[in-house]
């Protein structure tokens, strides 16, 4: 989605990150390369580490601000991110 949808660039700009469009393309490239490595079962241990970092940053930047509305709203908004983070952690520990 990061490479196809230009509206996502506005989300990165609104987060206040430095060089948001470059960062968006860098994150997309890292996700694609690491995903291919995991699917090919090559260097899985090393490929999971950047993805864990990306997921932690995504939770901190986009989901933690919703804690102001309550924990249940945060848990509902972050459910997919948390599941993905747990699955990446299991994959990291398993290999």
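Derivation of every value follows stated rules applied to the coordinates shown; laboratory data play no part. Every value quoted in this text rests on a predicted model; they were computed, and no experiment measured them. Cβ placement follows ideal geometry from the backbone for every residue including glycine, while neighbour counts extend to all protein chains displayed.
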Subject >> Segment residue 21-residue 84, length gained on full extension (0.36 nm per residue, minus Cα span) >> reply: 20.3 nm
Subject >> Burial ranking of peptide ranges 19-31, 44-56 (average Cβ count within 10 Å, highest at the top) >> reply: 44-56, 19-31
**OP:** For each of 67, 80, count neighbouring Cβ atoms within 10 Å of the residue's Cβ, then give the residues from fewest to most.
**Re:** 80, 67
**OP:** Multiply the residue separation of residue 56 and residue 44 by 0.36 nm, subtract the distance between their alpha-carbon atoms, and state the gained length in nm to one decimal.
**Re:** 2.5 nm
Original post:
Can you give me the pair-distance distribution of the chain, C-alpha pairs, 10 Å bins, whole percents?
Top reply: 15, 41, 35, 9, 0
